[in-house]
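All remarks here apply to the structure that follows.
Read-outs: derived from the displayed coordinates by stated rules, not from any lab. Note that this is a predicted model, so its numbers are computed, not measured. FYI the Cβ positions are ideal-geometry reconstructions off the backbone, even for glycines, and counts take in every protein chain you see.
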């Protein structure tokens, strides 16, 4: 099962649309995970329309329409992998222990908010992933998103994709 991880798209405030490589990844994925800060319901609808399956939450920049449609934390089982998605996890210091305490039922937690790619493992063994942002790199050298594969309940082949500056 192929998955795409996105966060902090901020369409149309930070970009008019997703970059072509991100759309191509969405089109080829079995599951698209979005960790919030969509900004517009229209973009959420467009991403959902192009996704075979969308797992998503709302972020701090998302208004009432998105908050009515999306949860604060989304949870799903993908081929035996217990995956969750949330927008904010707090400061980097102490993140692993905090996420273990807050999400003891997950194997993988995808998050956003910082626009900074992150890939770590908690003391309990949960994988923490932040795909960065494909549209608003902020202080990062590249805009980014992630892809991965789920096989027999395990996350494999996690790749951080760097996008050329536009």
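Okay, here's what the table says:
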{"read-out": "Alpha-carbon centroids, region 130-166 and region 39-84: separation in whole Å", "value": "17"}
{"read-out": "Length released on extending from residue 154 to residue 73, taking residue separation times 0.36 nm less the Cα-Cα span", "value": "27.1 nm"}
{"read-out": "From the coordinates shown, mean projected area of the Cα convex hull in nm² corresponds to which of [x] 8.7; [y] 14.4; [z] 10.6", "value": "[x]"}
{"read-out": "DSSP-defined beta bridges in the chain - what % are antiparallel, rounded to 5", "value": "60"}
{"read-out": "Fewest-first ranking of 116, 3, using other Cβ atoms within 10 Å as the exposure measure", "value": "116, 3"}
{"read-out": "Contact order relative to length of the chain, as percent, for alpha carbon pairs under 8 angstrom and 6 or more apart", "value": "25"}
{"read-out": "Label zone at residue 65 (point 7 Å along Cα-to-Cβ), backbone N below 12 Å, region 1-25", "value": "12"}
{"read-out": "With Cα atoms, 0 to 90° folded angle of helix 41-50 axis to the chain main axis", "value": "70"}
{"read-out": "Computed E for residue 121/residue 2 - FRET, C-beta separation, R0 22 angstrom, nearest 0.05", "value": "0.50"}
{"read-out": "Mean ellipticity per residue at 222 nm, deg cm²/dmol - from DSSP H runs of n ≥ 4 across the chain, formula -39500 (n - 2.57)", "value": "-5500 deg cm²/dmol"}
{"read-out": "Pairwise FRET efficiency - residue 138 versus residue 97, Cβ, R0 = 25 Å, nearest 0.05", "value": "0.45"}
{"read-out": "Choice from 139, 52, 127 showing the highest fluctuation, given a GNM over the chain with Cα pairs closer than 10 Å", "value": "139"}
{"read-out": "Residue with peak Gaussian network fluctuation, the chain [Cα springs, cutoff 10 Å], from 29, 148, 49", "value": "49"}
{"read-out": "Most fluctuating residue given options 65, 101, 93, as computed from a GNM of the chain linking Cα atoms under 10 Å", "value": "93"}
